[in-house]
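Novice: Quick one: structure below, then a few questions.
The values are calculated or read from the model by the stated rules, or taken from the named source; none is laboratory data. All of these numbers come straight from a predicted model, not from anything done at the bench. Every residue, glycine among them, receives a Cβ derived from its backbone with ideal geometry; neighbour counts consider all protein chains shown.
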């Protein structure tokens, strides 16, 4: 199954049930899977997710606590494989950097 890189905004909308695009984010990932694609993550997704999720709501964040973010990252890691750079992967959004932060993935 080919990998396709998930955009962090899709992950953020999926983690925010009250957001107007929550359902669209979930549906988009489901559609990719239905088409035989496997959405995946890179470390940069998790760094960006943590940054936005812990930012206060009044400055365009989700206002989540560190515990909430850790739980959400653990959930994401059960839903999406980590792209290891050895397989073929296409991007759904902007080009991702080759940031490696294994400590974040192991949390």
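Novice: Say whether the condition of being more than 28 Å from residue 2 (Cα to Cα) and either out of contact with any strand residue (DSSP E or B) (no Cβ under 8 Å at 6 or more places or on another chain) or at pLDDT below 95 (or both) is met by at least one residue in region 19-38.
Specialist: Narrowing region 19-38 to residues more than 28 Å from residue 2 (Cα to Cα): 19-20.
Add one more test, that the residue is either out of contact with any strand residue (DSSP E or B) (no Cβ under 8 Å at 6 or more places or on another chain) or at pLDDT below 95 (or both), and what stays is 19-20.
Within region 19-38 (the criterion being more than 28 Å from residue 2 (Cα to Cα) and either out of contact with any strand residue (DSSP E or B) (no Cβ under 8 Å at 6 or more places or on another chain) or at pLDDT below 95 (or both)), the answer is yes, since at least one residue qualifies.
Novice: Within region 1-21, which residues are touching a residue at least 40 places away in the same chain (Cβ under 8 Å), closer than 24 Å to residue 68 by Cα and surrounded by fewer than 20 Cβ atoms within 10 Å (Cβ to Cβ)?
Specialist: Selection gives 7, 9, 16.
For every residue, the table says whether it meets (1) buried (at least 16 other Cβ atoms within 10 Å of the Cβ); (2) in contact (Cβ under 8 Å) with a residue 60 or more places away in the chain; (3) part of a helix (DSSP H, G or I); (4) at negative phi.
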site	(1), (2), (3), (4)
23	no, no, yes, yes
27	no, no, yes, yes
31	no, no, yes, yes
49	yes, no, yes, yes
71	no, no, yes, yes
74	no, no, yes, yes
84	no, no, no, yes
